[in-house]
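Participant: Here you go, one structure.
The values are calculated or read from the model by the stated rules, or taken from the named source; none is laboratory data. Predicted model, so just to flag it, every value in this text is computed and none were measured. Neighbour counts are summed over all protein chains in view; Cβ atoms, including those assigned to glycine, are modelled from backbone coordinates with ideal geometry. Remember, those area values only see protein heavy atoms, side chains included, never the ligands or the DNA or RNA. Shrake-Rupley method; radii C 1.70, N 1.55, O 1.52, S 1.80 Å.
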Amino acid sequence: MDPPSSLKLLGSWADSHTHRVQLALKLKGLEFEYQEEDAINPSPALLLHNPVYKKVPVLLHSDRPVVESVIILQYIDETWADNPIMPADPFERAVARFWCHFAEDKLAPAVGAVFSSSGEGQKTAVDQVHDNLKLLERELRDGAFKEKRFFGGDKIGLLDIVLGCGSYWLAVFEEVMEVKLVDPGTFPVFHAWLKDFEEQNEVKETIPAIDKLLEYARGIRQMMLSLSNGTSTTAPAAAGTTSAINVAVDGSSG
């Protein structure tokens, strides 16, 4: 194992993509240094190591940057063979990668739309989340992940990390927005998977406390309402709202 100084993670405490990398490193038993980043004022290190997207997370391995969370997860797994998070079988790896893309391309934007919309637009967004969860429920019940404890099998794998480090926002948005996204009666297998995922020690060590996430989400929502109502808001505050939404909600962080 490389010395702790060889791994450094640039991230944000509320960013689900940062949590993905943190969780993978913990599951691998890898020590790392962590640097908290400001979504509004990125550090010179972040701008240097991710000049294209200028966002977290960035993993530095012996000062060499790896960016975009799913790419980072695969890099970690390919670099350190112990405690694998990706399947050994090429077809199963392809399936996991496909559903990771689904989480990024379909589910995350729908969840973000629930938070950033209202009225009929919000109802449509909730319906889209439910449609996406139906697909995952079907895969868990009858498809590629049938009778598996986790998407990765008996242990948390790549897809569990990608889906799980973000699914906690579903409960946060349910309370803040007063909507129902994950009904245990409608999505029993997905609901059971999520609860099992959240009970893992490494997950508990990674995901911030629910009250902290609720406070954060309510603050963002209040600023959004102020902007939509035309209430006077300073430019930095407006920029902060947009950045916070990008980081925590809609998948446009790495």
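Participant: In whole Å, largest first, what are the principal axis extents of the Cα atoms in region 7-79?
Facilitator: 31, 23, 19
Participant: Indicate, rounded to the nearest 5 percent, the antiparallel portion of the DSSP beta bridges found entirely in region 7-79.
Facilitator: Roughly 65 percent of the DSSP beta bridges within region 7-79 come out antiparallel.
Participant: Quick one, can you get me the convex hull of the C-alpha atoms of region 53-168 expressed as volume per residue in Å³?
Facilitator: 117
Participant: If you count only protein heavy atoms with a 1.4 Å probe, what accessible area per residue comes out for the chain, rounded to a whole Å²?
Facilitator: Dividing the accessible area of the chain by its residue count gives 48 Å².
Participant: Among 15-24, 40-49, how do they line up by average Cβ neighbours within 10 Å per residue, starting with the highest?
Facilitator: 15-24, 40-49
Participant: Please state the relative contact order of region 21-136 as a whole percent: Cα pairs under 8 Å, 6+ residues apart?
Facilitator: 16
Participant: Continuing with the same structure: May I ask you to derive the relative contact order of region 90-205, considering only C-alpha pairs under 8 Å and at least 6 residues apart, and to give it as an integer percent?
Facilitator: Across region 90-205, relative contact order equals 24 percent.
Participant: Further, regarding this structure: Taking a point 7 angstrom from the Cα of Ser62 along the C-beta vector, which residues in region 5-19 have backbone N less than 16 Å away?
Facilitator: Counting only backbone N, you get 5-8.
Participant: Which of these values of Cα Rg over 2.2 N^0.38 Å was calculated from the structure shown: [x] 1.97; [y] 1.01; [z] 1.17?
Facilitator: [y]
Participant: Can you tally the net charge around Glu36? Count Lys and Arg as +1, Asp and Glu as -1, for every other residue whose Cβ sits under 13 Å from the Cβ of Glu36.
Facilitator: Value of the local net charge: -3.
Participant: Pairs Lys106/Lys204; Lys55/Lys106; Lys8/Lys180; Lys28/Lys123; Lys146/Lys204; Lys54/Lys212: which are spaced more than 30 Å apart, C-alpha to C-alpha?
Facilitator: The pairs that break the limit, which is 30 Å between Cα atoms, are Lys8/Lys180; Lys28/Lys123.
Participant: Further question on the same structure: Starting from the Cα of Lys195, step 7 Å along the direction of its Cβ; do the same at Gln35; then give the gap between the two resulting points in nm.
Facilitator: Going by the 7 Å Cα→Cβ label model, 4.2 nm.
Participant: Here's something else I'd like to know. Suppose each label sits 7 Å from its Cα in the direction of the beta carbon; what would the Lys54-Arg218 distance come out to in nanometres?
Facilitator: 3.3
Participant: While we're here: Run the dipole for the chain about the Cα centre, Lys and Arg Cβ at +1, Asp and Glu Cβ at -1, nothing else charged, and hand back the magnitude in debye, nearest 20.
Facilitator: Its charge dipole is roughly 300 debye.
Participant: At 1.4 Å probe size, with the rest of the protein present, what percent of the exposed accessible area of region 7-79 is carbon and sulfur atoms?
Facilitator: 55
Participant: Still on this model: To the nearest 0.05, what FRET efficiency results for Ala171 and Arg93 with a Förster distance of 25 Å applied to their C-beta separation?
Facilitator: 0.25
Participant: Taking the alpha-carbon centroid of each part, what is the distance from region 16-77 to region 147-226 in angstrom?
Facilitator: Using only Cα atoms, the two centres lie 21 Å from each other.
Participant: OK, next. Before anything else, pin down the relative contact order of the chain: Cα pairs under 8 Å, at least 6 apart, normalised by residue count, whole percent.
Facilitator: Relative contact order for the chain comes out at 24 percent.
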